[in-house]
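To start, the structure under review is shown below, and the notes come after it.
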Amino acid sequence: MLLYFARHGKTFSALDGRLKSDDEPLLDEGRTEVEGAAETLREELGHVTPTHIISSPRRRTQETAAIFKEILRFAKEVEIDDRLAERNCDAFEGQPIKDVFAHSEKELVAGGMEPEVAVYERTKALWDELVGNAADDDVILLVGHSTALKPLAYIQKELSPGSEVGIPKITPDRVWQLVS
């Protein structure tokens, strides 16, 4: 099985640097980034088409998945899975991202944010399902949020939540291979 992860393209709130719970669309710049990432993945895969494209339910990830679907010539429907949803940060709506995440995990959860361990658990359930059901020749593309990649990195490296994992900055202009 090959498993890839793509982050959604840029949105206004990402440029603005504020947490926003609105289900916002991609910016033109975000579409361009995603198109480039999809072209790169198509070149890497050659004549192989993914067997599954699975997206978070958010609009920006579904738009990102649709771009991958077109460029990769994926004939099936994109699957939607709530377990790829971003970390629920609604309690911090409108606040600068850098200020919010300067707080400890304990402070964030006390303020109403979804616990990181809950994100880990739902992402682990998806991982276990994919790994348990995948054929050796499956090629799966997950489309989600940067907050989903951290738990996937924990899981792949068999670490528990809170471990220090060296994850490069997750940008929408590339695709991350998680399993080969």
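So that you can scan it fast, the table gives a plain yes or no per residue for (1) under 29 Å from residue 113 (Cα atoms); (2) modelled with pLDDT of 95 or more; (3) touching a Leu at 6+ places or on another chain (Cβ under 6 Å):
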position	(1), (2), (3)
8	yes, no, no
18	yes, no, no
21	yes, no, no
24	yes, no, no
44	no, no, no
65	yes, yes, no
70	no, yes, no
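Residues of the stretch 15-33 that are touching a Lys or Arg at 6+ places or on another chain (Cβ under 9 Å) and aliphatic (A, V, I, L, M): 26, 27. Only one of the listed residues (45, 26) is aliphatic (A, V, I, L, M) and more than 16 Å from residue 142 (Cβ to Cβ). That residue is 26. A single member of 86, 116 is crowded, with 16+ Cβ neighbours inside 10 Å, within 19 Å of the chain's Cα centre (by Cα) and under 20 Å from residue 157 (Cβ atoms), and it is 116.
The residue pairs whose first member lies in the stretch 99-116 and is of a type outside the set (A, V, I, L, M), whose second member is part of a helix (DSSP H, G or I) and exposed (fewer than 15 other Cβ atoms within 10 Å of the Cβ), and whose beta carbons are closer than 6 Å, counting only pairs six or more residues apart or on different chains, are 116/105.
Pairs meeting the criteria (first residue in the stretch 136-158 and in contact (Cβ under 8 Å) with a residue 24 or more places away in the chain and more than 17 Å from residue 54 (Cα to Cα), second residue of a type outside the set (A, V, I, L, M) and part of a helix (DSSP H, G or I), beta carbons under 7 Å, at least 6 apart or on different chains) are 154/120; 155/123; 155/124; 155/127. The helices (runs of 4 or more DSSP H) found entirely in the stretch 1-96 that carry 2 or more residues being touching a residue at least 60 places away in the same chain (Cβ under 8 Å) and touching a helix residue (DSSP H, G or I) at 6+ places or on another chain (Cβ under 9 Å) are 28-45, 59-71. Any residue that is modelled with pLDDT of 95 or more, more than 22 Å from residue 26 (Cα to Cα) and surrounded by 15 or more Cβ atoms within 10 Å (Cβ to Cβ) - is there at least one of those in the stretch 102-110? Within the stretch 102-110, one or more residues are modelled with pLDDT of 95 or more, more than 22 Å from residue 26 (Cα to Cα) and surrounded by 15 or more Cβ atoms within 10 Å (Cβ to Cβ).
Picking from residues in the stretch 30-63 that are surrounded by 15 or more Cβ atoms within 10 Å (Cβ to Cβ) and of a type in the set (Asp, Glu), the one that is farthest from residue 175 (Cα to Cα) is 63. Among the residues of the stretch 100-122, the ones that are part of a helix (DSSP H, G or I) and closer than 12 Å to residue 85 by Cα come to 4 in all. A single member of 125, 135 is of a type in the set (Gly, Ala, Ser), surrounded by fewer than 20 Cβ atoms within 10 Å (Cβ to Cβ) and not in a helix (DSSP H, G or I), and it is 135.
The values are calculated or read from the model by the stated rules, or taken from the named source; none is laboratory data. Computed from a predicted structure; not experimentally measured. All Cβ positions, even for glycine, are placed from backbone atoms using ideal geometry, and neighbour counts span all protein chains on display.
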